[in-house]
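One structure below.
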Amino acid sequence: MCTMQSWTCLFLILCSMQSVCHCCDWIQHHFGHLSAEYLSQLEQMGGDITKQNAPVLFPTSLYRHIYDAEFEDKVRFLNETIYQIIKLFDGNRNRKSVTWDKKNLDDFLNILDRQFENLSSCVSPVVKPEKRLKRYFRNLNRKVLRKMNYSAEAWELIRKETKRHLQRLDILVGQMY
């Protein structure tokens with residue numbers, strides 16, 4: 001016997017499945033294209049990527065951990081990483097020292113924002129983001145940008161670290177399918 005409550009439950013389950021399927025389809029068919037675009041913009045906005053290392057260690061263990069996570073956790077990680085990158089670049093208007101091409105920078109941020117918006121529709125806002133990832137980006141802001149007085153050298157280190165993250169996200173998406 002079906003009650004109104006069970007029909008509502010079934011509807012919610014089907015909507016959730018449809019949302020997950022849409023998300024899977026979008027990541028599988030569109031993530032890589034946008035990723036190639038923003039990596040290209042990142043490369044074109046400035047000169048050669050610096051060889052210097054940032055004073056903040058890259059969170060390799062965090063990536064190793066997320067490779068073994070559930071699909072939803074991986075999508076949440078993709079979304080949160082892109083959000084943190086946007087926040088790092090867009091939240092710091094103090095970029096006067098760099099001579100990056102403004103159009104490339106704007107295009108880079110716009111494409112990242114599109115990627116973030118699409119991924120946001122795939123994750124629950126209830127679940128809190130990964131604290132270690134948030135802390136890592138906060139340290140990049142403090143120990144690279146602020147400590148180096150928002151210099152061109154500091155921003156080039158940020159660009160290098162951003163490229164590393166975006167490449168690792170591509171690997172993660174490739175591993176998901």
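The values are calculated or read from the model by the stated rules, or taken from the named source; none is laboratory data. What you are looking at is a predicted structure, and each value in this text was computed from that prediction instead of being measured. All Cβ positions, even for glycine, are placed from backbone atoms using ideal geometry, and neighbour counts span all protein chains on display. Keep in mind that these areas ignore ligands, DNA and RNA; they rest on the heavy atoms of the full protein, side chains included. Shrake-Rupley method; radii C 1.70, N 1.55, O 1.52, S 1.80 Å.
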Selection within the range 76-106 - acidic (Asp, Glu) and within 17 Å of residue 158 (Cβ to Cβ): 90, 101, 106
Residue 49, sole failed condition from (1) surrounded by 15 or more Cβ atoms within 10 Å (Cβ to Cβ); (2) touching a Phe, Trp or Tyr at 6+ places or on another chain (Cβ under 9 Å); (3) not in a helix (DSSP H, G or I): (2)
Residue in the range 154-167 that is free of Cβ contacts under 8 Å to residues at least 60 places away in the same chain and open to solvent by 90 Å² or more (accessible area, probe 1.4 Å) present: no
Within the range 91-108, considering residues that are touching a helix residue (DSSP H, G or I) at 6+ places or on another chain (Cβ under 6 Å) and assigned to a helix (DSSP H, G or I), the one nearest to residue 130 (Cα to Cα): 108
Matching option when the condition is open to solvent by 20 Å² or more (accessible area, probe 1.4 Å), within 18 Å of residue 164 (Cα to Cα) and hydroxyl-bearing (Ser, Thr, Tyr), among 61, 97, 124, 120: 61
Close pairs from the range 61-83: first assigned to a loop (DSSP other than H, G, I, E, B), partner buried (at least 20 other Cβ atoms within 10 Å of the Cβ) and of a type in the set (Phe, Trp, Tyr), Cβ under 9 Å, at least 6 apart: 69/77
Residue list for the range 140-159, filter: assigned to a helix (DSSP H, G or I), under 14 Å from residue 52 (Cβ atoms) and out of contact with any helix residue (DSSP H, G or I) (no Cβ under 7 Å at 6 or more places or on another chain): 143, 152, 153, 155, 156
Number of positions in the range 106-148 that are without any contact (Cβ under 8 Å) to a residue 40 or more places away in the chain and either among the acidic types (Asp, Glu) or in contact with a Ser or Thr (Cβ under 8 Å, 6 or more places away or on another chain) (or both): 3
Failed item, numbered, when residue 40 is tested on (1) over 18 Å from the mean Cα position of the chain (by Cα); (2) over 29 Å from residue 131 (Cβ atoms); (3) open to solvent by less than 50 Å² (accessible area, probe 1.4 Å): (1)
